[in-house]
1. Among the numbered criteria (1) farther than 21 Å from residue 129 by Cβ; (2) charged (D, E, K, R); (3) assigned to a loop (DSSP other than H, G, I, E, B), which single criterion is violated by residue 83?
2. Would you check if residue 46 is crowded, with 16+ Cβ neighbours inside 10 Å and not aliphatic (A, V, I, L, M)?
3. Tell me which of these residue 12 doesn't satisfy, since it passes every other one: (1) surrounded by 16 or more Cβ atoms within 10 Å (Cβ to Cβ); (2) small (Gly, Ala, Ser); (3) outside any strand (DSSP E or B).
4. So is residue 136 touching a strand residue (DSSP E or B) at 6+ places or on another chain (Cβ under 6 Å), at pLDDT 95 or above and surrounded by 17 or more Cβ atoms within 10 Å (Cβ to Cβ) or not?
5. Which residue pairs have Cβ atoms under 9 Å apart, sit 6 or more places apart or on different chains, and have a first residue in region 37-65 that is closer than 22 Å to residue 127 by Cα and without any contact (Cβ under 8 Å) to a residue 60 or more places away in the chain and a second that is of a type in the set (S, T, N, Q) and assigned to a loop (DSSP other than H, G, I, E, B)?
6. Search region 40-70 for residues being of a type in the set (Phe, Trp, Tyr) and part of a helix (DSSP H, G or I), and hand back the single one that is nearest to the chain's Cα centre (by Cα).
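The values are calculated or read from the model by the stated rules, or taken from the named source; none is laboratory data. Because the structure is predicted, anything quoted here is derived from the model rather than measured. No Cβ is skipped: glycine too gets one built from the backbone with ideal geometry, and neighbour counts run over all protein chains shown.
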Amino acid sequence: MRQFTQHISIKAQGRKLYDITPQVLNWANKLGLGTGLLTLYIQHTSASLLINENYDSDVLVDMQAFFNRLVPDGDSLFIHTVEGPDDMPAHVRAALTQTSLSIPIVEGKVALGQWQGIFLFEHRHATMTRRVLLHAIGD
């Protein structure tokens, strides 16, 4: 059993979904694992990770619209507004999504479905540099 770690940095320029599939696959495919598990972990509390459709970009627009309606900025419910009206909504959005993903490696390839992509979901409006840790284990 072998293990590998790496991190990738993503410059997120505002609230949206960023396709990080190419960076993740580029790293994972170089490892030479036949069978294993790839784990991704984001080290932030106001951004998250998703696996979603990467074929039709309307899906990403609709995801953003849904979260804008579900958790609006400036909601009077929130008292934590230290960094502005998108501060607490960003934390709620991150709590409703995922901070880590696990994807099998099968026959030497990351086993994403045909239309699946890996996305960093930035929940803040400001430009942020986000860090995602990658860990792979297998043979």
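1. If we test residue 83 against (1) farther than 21 Å from residue 129 by Cβ; (2) charged (D, E, K, R); (3) assigned to a loop (DSSP other than H, G, I, E, B), just (1) comes out false.
2. Values: crowded, with 16+ Cβ neighbours inside 10 Å: yes; not aliphatic (A, V, I, L, M): yes.
Yes, satisfied.
3. Evaluating residue 12 over (1) surrounded by 16 or more Cβ atoms within 10 Å (Cβ to Cβ); (2) small (Gly, Ala, Ser); (3) outside any strand (DSSP E or B) leaves (3) as the failure.
4. yes
5. Qualifying pairs under 9 Å: 45/99; 60/54.
6. Applying the filter and picking the extreme gives 67.
Conditions (1) more than 22 Å from residue 56 (Cβ to Cβ); (2) of a type in the set (A, V, I, L, M, F, W, C), marked per residue:
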| position | (1), (2) |
| --- | --- |
| 98 | no, no |
| 111 | no, yes |
| 116 | no, no |
| 122 | no, no |
| 130 | yes, no |
| 135 | yes, no |
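Results for (1) free of Cβ contacts under 8 Å to residues at least 24 places away in the same chain; (2) polar (S, T, N, Q); (3) in a strand (DSSP E or B), shown as yes or no for each residue.
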{"site": "88", "(1), (2), (3)": "yes, no, no"}
{"site": "93", "(1), (2), (3)": "no, no, no"}
{"site": "105", "(1), (2), (3)": "no, no, yes"}
{"site": "118", "(1), (2), (3)": "no, no, yes"}
{"site": "130", "(1), (2), (3)": "no, no, yes"}
{"site": "136", "(1), (2), (3)": "no, no, yes"}
